[in-house]
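So the structure is just underneath, and the comments pick up after that.
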Amino acid sequence: MNGGAARALLDVRDLKVGLPTRRGPLAILNGVDLHVKEGEVLGVVGESGAGKSITGLAVIGLLEPPARIDGGEVWFDGARIDGLSGDELRRIRGARIGVIFQDPLTSLNPLYTIGFQLTETIRTHMDLGADAAEKRAVELLDEVGIPAAASRLNAYPHEFSGGMRQRVVIALALCANPRLIIADEPTTALDVSIQAQIIGVLKRLCREHGTAVMLITHDMGVIAETADRVAVMYAGRVIEDGTVAEVVRNASHPYSHGLMGSIPTIGARIGRLPQIRGAMPRVGAVPAGCAFAPRCPDVRDLCRAERPVMMDGKATSAACWQYSPRWSDAAAATGGAAADG
Amino acid sequence: MADTPLLQVEDLAVHFRLPLPVAERAMGRRPKVLKAVDGVSFAIGKGVTLSVVGESGCGKSTVARLIAGLYRPTRGRVAIDGHDVTAARDRTRAIRRRLTMIFQDPQASLNPRWRVRDIIAEPIRAFGIAGDARETSRQVDGLLEQVGLAGADGEKYPHEFSGGQRQRISIARALASKPDLILCDEPTSALDVSVQAQILNLMRDLQDELGLTYLFISHDLAVVHHMSDRIAVMYLGRFVEVAEAAALFAAPQHPYTRLLLETIPDLGMTKRDREAVAGEVPSPIDPPGGCAFHPRCPHADERCRTERPDLRPSQSGAGGGAVACHAVEEGRLPPAPSGEAADG
Amino acid sequence: MTAGPANGAASGTAPGTAGRLLGALHRGADSDLAYSFRRNPVVVTAAIVTLLYFFGAAFADWLAPHTPFDPSTLSLGDAEKPPAWIEGGDWSYVLGTDNQGRDIFSTILYGSRLSLIVGFSAVIFSVVLGVGLGITAGYFGGWYESTVMRAADVQLTLPSILVALMVDGVARAIFAGTDIKTDATFAIYVLIFAIGISAWPQYARVVRSATLVEKSKDYVAAARVIGIPSWRIMLRHVLPNTMGPVLVIGTIDLALAVITEATLSFLGVGIPPTQPSLGTLIRVGQEFLFSGQWWITLFPALALVLLVLAVNLLGDWLRDALNPKLR
């Protein structure tokens, strides 16, 4: 295991998710390995189709059929949770793992007041009476920064703005003092100025409560200022894992390196952005060997033949052959990478 | 004339009347008016990129659509190379040819039932640019190659391409009529960052090669910073600040611009606590009186609440900047937190 | 969904017309629609039955063992023969004969032809009318849209058979006094119009809402920016993207139109017995039901049920297969 004294709260090992189709199963996740330690914020970053949201859904048992877990293990707090029944998973969700989705509107029931939804969730997962639950609901709304919380209990979700709704969703996720929150693109639907507020709330609360967070997003900026550690996903696998500063400034995997470079920043104005040619392979068309090989500037025949496992890179671990002792023996690729649009 | 700007917009505004339920109309209630764009003026010279930046609902996309002729303006004037094209009948074929548009969603901006070849050929045919079918086909091949696709890709349908490739097809279509001005409505917002870099690079290469002028609409300040010569910051239907790109990032004047700059998530700011600014964008249906930003502004006073500031040239801003802020005008704003964001 | 690297797949193949055709055929045979078709034996059976009907109707002149409407070939000696497998039957009249000695099997072939012609023409008529009104209503909006859609609402409150009956009656009243011949051919035209006019509102509604969706997409905006005229945008851009649901409704509607035709003919306001459709055959035959010649009405009725069932099953399958939400 990639070191660290703190015990892994969530440990995902070689997780495979497939979608059965008439042309045979489509592999959506090809063996995801990641872990979240107690109280830590793990950023899971990747481009659309990399499998980051599917990973989150698979962990909490919310995969939509016919997609299903085809292999691997999910351990939470020392117990294996991937084979659990719907009821058992439901008890874990909410009580011990909170969930925040991208669109706050779909996470809230439009027919019930905010107060009802909060107290309902609190009483489902905690042994509290009606008054105590309501008191806790007000506390929670207060904590997530909703002004005049007590008076907003009777409001319906549509009476809140997008940013306020996402605050309510965070309050809902925190209801039962979970150990882990899985946040899937929590700020993507929001404007930048609101994004900052929501990220701030999330960070502060998790720090105060000691809650670990698995923050799934495509936005490296959000990861950079929120996460302790980053797992970079590509074509259904984690291809780099390291502290946020190292991944941003000194990525080991050529994909992460290219990804960080291609983000425009306001720090420096340059003529051309460094770009990675081509696009991520579609699900079902992932090449054998390293999935990044067709786009890699430094590809060798070894990369096309065999899939690399995680190895110790510069300061992070990365699934790239150049950190293997076999790299120096590997012949440079014949023909180089295909140059496509 | 040499100093005629390619695109000139004066006091452009569009007000949408929101439909009322029949019952309320019967009670004599007047329909609410959404002032999506409320008096915007600017000019873009040839070969320049002007970006309009703002949060969702501020009216930036509507500005592009007004210039494209997709909405009829409530008031104001749009001129292209000195020709007034505010009225639809003044949009001659010769003028239409010179202005095209790239849209945000590469999925919805290409007709799914058309082959890529026909999609790109549509403007060529509409403007009679190619003499015959063979010439059309030759031009389409050339355009596909120009945006980094292969001629054979023309035989395929849009769904066979990835998002980035679809946006390339969109760009090829926009180039087909050999335009001078391209209105880019959030062209990379729906794309992944690595693909975004490809598209942004392509757009800049094309600009250098063809001398294109861009009106670039975006909510992403980092992208805007990368692409623009000049930047206009928009809030609730009006420009609050216009400045040269470098000046805007080095010394933002308007409090809203400062807020936006402050909230950019940036790679360089690892584990930094962003300054969370209170409040959210108010509804454009009932915007606050006076300066629309005053409820969120830490420097607002009585004048800001009652009197709407106009866009005035700023004294301190170099390079023809303009700000609509009483506090800036009166000099009671603390100096901009300059340098922090724009060194390097 | 197409899998595979997005680039380069086509660069190896020659793009000529033949290659294009082969590619389209391959895509067709490989598509989700073809797959869901092959996997569904009921639908395959329904399709075969429907095709058999089309075939029988199209080639009735050659397939029919007798020419039932040529009086010179009829002989009353052959009248009221039971089906071949029953005592007194004759294998040259497989399904028996009617009171005038006409071969039931042959009349069914000719009757199906007429029913299908009327059904198809009525569907095409209502599709053209409904789609035309729906797409213009959705595209232009305003008072025009309100007028068209309210008219559709009003008509939808009346049962379609009632509308058809009214139109049929009015047409007959109008043309009765004129010198236009009110013969069987004329009756067919009136029927097509009557059945067709009763079905347009559903097409108009579906196409209007699909048009509203498509109109707001940016490919329409892109066409507008370069100044493509509205009629061309509607025809070339919007229309092809609204045809999915029209195909589904059209198929189910074909079955309905055949039934409506049969009903009208059964009620005696449809096609006259000189050139009978399935409905007319059933009506004529039911007079003999109580005198024991059950086959005269039963076989045409079975033929009608089978045809309508097959077409309906096809329509249902098409609706499910084209609806991504149900997959």
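Roughly how big is chain B's charge dipole about its Cα centre, with Cβ charges of +1 (Lys, Arg) and -1 (Asp, Glu), in debye to the nearest 20?
Working: 42 positive and 44 negative charges, 293 e Å.
Here the size comes out at about 1400 debye.
Can you tell me the dipole magnitude for the range A:8-234 around its Cα centre, using point charges on the Cβ only (Lys, Arg +1; Asp, Glu -1), in Debye to the nearest 20?
On the way: 23 positive and 29 negative charges, 55 e Å.
For this selection, approximately 260 debye.
What FRET efficiency would be calculated for the residue pair A:LYS135, B:HIS15, taking the C-beta separation as r and a Förster radius of 51 Å, to the nearest 0.05?
Numbers: r = 47 Å, r/R0 = 0.93.
Approximately 0.60, to the nearest 0.05.
Obtain the nm distance between the two label points defined at A:ASP103 and B:ARG113 by a simple spin-label model: each point lies 7 Å from its Cα along the Cα-to-C-beta direction.
Calculated label separation equals 2.7 nm.
Given contacts defined as C-alpha pairs under 8 Å and at least six residues apart, what's the relative contact order of chain A, whole-number percent?
On the way: 654 pairs, mean separation 64.7, N = 341.
So the answer I get is 19 percent.
Rank A:THR119, A:MET233, A:LEU63 by how far each Cα sits towards the positive end of the charge dipole of the range A:8-234 (+1 on Lys, Arg Cβ; -1 on Asp, Glu Cβ) and give me just the farthest.
The listed residue farthest towards the positive side: A:LEU63.
Of B:GLN139, B:LEU200, B:GLY164, which is farthest on the positive side of the dipole of the range B:139-220, counting Cα position, with +1 on Lys and Arg Cβ, -1 on Asp and Glu Cβ, and the Cα centre as origin?
So the residue we want is B:GLN139.
For peptide C:240-253, compute the average count of partner chain beta-carbon atoms within 10 Å of each residue's beta-carbon.
Details: counts 4, 4, 0, 1, 0, 0, 0, 0, 0, 0, 0, 0, 0, 0.
Going residue by residue through C:240-253 and averaging, the value is 1.
Label point 7 Å out from A:ARG326 along Cα-to-Cβ: which residues of the range A:279-317 have amide N under 13 Å?
Under cut-off, by backbone N: A:289-290, A:300-311.
Using alpha carbons only, how many degrees (0 to 90, rounded to 10) separate the axis of helix B:116-126 from the longest principal axis of chain B?
It is inclined by approximately 80 degrees.
Straight-line reach only, C-alpha to C-alpha below 12 angstrom: list the aspartates and glutamates that A:LYS314 could link to, leaving out same-chain residues fewer than 8 apart.
Answer for A:LYS314, where 12 Å is the Cα cut-off: A:GLU240, A:ASP241, A:GLU246, listed by chain and number.
Name the residue farthest towards the positive end of the dipole of chain B from the options B:HIS226, B:CYS291, B:PRO31, assuming +1 on Cβ of Lys and Arg, -1 on Cβ of Asp and Glu, about the Cα centre.
About the Cα centre, the residue reaching furthest to the positive side is B:PRO31.
Please report the antiparallel percentage of DSSP beta bridges with both residues in the protein assembly as shown, rounded to the nearest 5. Present the calculation step by step, with values, prior to reporting the outcome.
Values: 59 of 96 bridges.
So the antiparallel bridges amount to about 60 percent of the total.
Measure nothing fancy, just the Cα-based angle from helix B:163-176's long axis to the longest principal axis of chain B, in degrees from 0 to 90, nearest 10.
Tilt relative to chain B: about 80 degrees.
Quick check: residue separation of C:ILE48 and C:ASP320 times 0.36 nm, minus the Cα distance between them. What number comes out in nm? Don't jump to the answer; show the numbers that get you there.
Values: separation 272, 0.36 × 272 = 97.92 nm, distance 1.92 nm.
Length gained, C:ILE48 through C:ASP320: 96.0 nm.
In a Debye calculation with equal point scatterers on the alpha-carbon sites of the range A:262-327 and no solvent, what is log10 I(q)/I(0) at q = 0.22, 0.27, 0.29 Å⁻¹?
-0.98, -1.15, -1.23
Could you work out the helix-only [θ] at 222 nm for the protein assembly as shown, with each DSSP H run of four or more residues adding -39,500 (n - 2.57) and the total divided by the number of residues, to the nearest 500 deg cm²/dmol?
Numbers: 37 runs with 429 residues, N = 1012.
Estimated from H runs of four or more residues: -13000 deg cm²/dmol.
Sticking with the crude label model, points 7 Å out along Cα→Cβ, report the distance from A:ARG91 to C:GLU287 in nm, one decimal please.
Inter-label distance under the simple model: 7.8 nm.
In degrees between 0 and 90, to the nearest 10, how far off the longest principal axis of chain A does helix A:86-95 point, with axes built from Cα atoms?
Here the helix axis deviates by roughly 70 degrees.
If R₀ is 56 angstrom, what is the calculated FRET efficiency for the pair C:ILE117 and A:LEU62, using the beta carbon separation as r and rounding to 0.05?
Numbers: r = 55 Å, r/R0 = 0.97.
For R0 = 56 Å, the calculated efficiency reads 0.55.
Using only the alpha-carbon atoms of the range C:38-122, report the extent along each of the three principal axes, biggest first, to the nearest angstrom.
The principal-axis extents, from largest down, are 49, 31, 20 Å.
Which lysines, if any, have their Cα less than 20 Å from the Cα of A:LYS16, not counting same-chain residues under 8 positions apart?
A:LYS52
In Å and whole numbers, how far do the C-alpha atoms of the range A:8-234 stretch along each principal axis, longest first?
Taking the Cα atoms of the range A:8-234, the three principal extents are 54, 37, 34 Å.
B:GLU209 versus C:LEU162, label points 7 Å from Cα toward the beta carbon: distance in nm?
Taking the two extended label points, one gets 6.7 nm.
Let me confirm one metric for peptide B:108-116, namely the mean number of other chain beta-carbon atoms within 10 Å of its residues' beta-carbons.
Numbers: counts 8, 6, 4, 11, 5, 7, 5, 1, 0.
Going residue by residue through B:108-116 and averaging, the value is 5.
Identify all lysines with a Cα-Cα distance to B:LYS156 below 23 Å; exclude those on the same chain that are fewer than 8 residues away in sequence.
In chain and number order, the partners are C:LYS217.
Note the direction-averaged projected area, equal to a quarter of the hull surface, for the Cα convex hull of the range C:231-305, in nm². The partial results should precede the final answer.
On the way: hull surface 27.6 nm².
Mean shadow area of the hull around the Cα atoms is 6.9 nm².
State, as an integer percentage, the relative contact order of chain B based on alpha-carbon contacts under 8 Å between residues 6 or more apart. Present the calculation step by step, with values, prior to reporting the outcome.
Details: 632 pairs, mean separation 65.2, N = 344.
It rounds to 19 percent for chain B.
Amide H to amide H under 5 Å from B:LYS46: which residues, 5+ apart in sequence or cross-chain, H placed 1.01 Å off N in plane?
B:LEU6
What is the calculated FRET efficiency for B:SER41 to B:THR4, with r their C-beta to C-beta distance and R₀ = 22 Å, to the nearest 0.05?
Values: r = 16 Å, r/R0 = 0.72.
In this case the efficiency is close to 0.90.
For the range A:235-304, give the magnitude of the charge dipole about the Cα centre (Cβ charges: +1 Lys/Arg, -1 Asp/Glu; no others), in debye to the nearest 20. Walk me through the numbers on the way to the answer.
Working: 9 positive and 5 negative charges, 64 e Å.
With Lys and Arg at +1 and Asp and Glu at -1, about 300 debye.
Under the √(5λ) rule applied to the eigenvalues of the Cα gyration tensor, what semi-axes describe the equivalent ellipsoid of the protein assembly as shown? Give them in Å, descending. Don't skip to the answer; put the middle values down first.
Values: eigenvalues 724, 270, 200 Å².
Each semi-axis is √(5λ); the values are 60, 37, 32 Å.
Apply the Karplus parameterisation 6.51 cos²θ - 1.76 cosθ + 1.60, with θ equal to phi minus 60°, to every residue of the range A:27-38 and state each ³J(HN,Hα) to the nearest whole Hz, in sequence, with x for glycine and proline.
7, 8, 10, 10, x, 9, 10, 7, 9, 10, 8, 3
Compare the peptides A:95-101, B:214-220 by average per-residue count of other Cβ atoms within 10 angstrom and give them in order, highest first. Before the final figure, lay out the partial values.
Working: A:95-101: 21.7, B:214-220: 24.1.
Listed from highest to lowest mean packing, they are B:214-220, A:95-101.
Skipping prolines and chain starts, which residues have an amide H placed within reach, meaning under 5 Å, of the one on A:VAL99, given they are 5 or more residues away or on another chain?
Residues meeting the criterion, in which the H sits 1.01 Å from N, are A:GLY94, A:ILE182.
Report the extension gain between C:ASP90 and C:THR67 in nm, rounded to one decimal, defined as 0.36 nm multiplied by the number of residues separating them, less their alpha carbon distance.
Between C:ASP90 and C:THR67, full extension yields an extra 6.6 nm.
Bear in mind that the values in this text are calculations on the coordinates, not laboratory data. Just so you know, these numbers come straight off a predicted model, no measurement behind them. Using ideal geometry, Cβ is built from the backbone for each residue, glycine included, and neighbour counts are taken over all protein chains shown.
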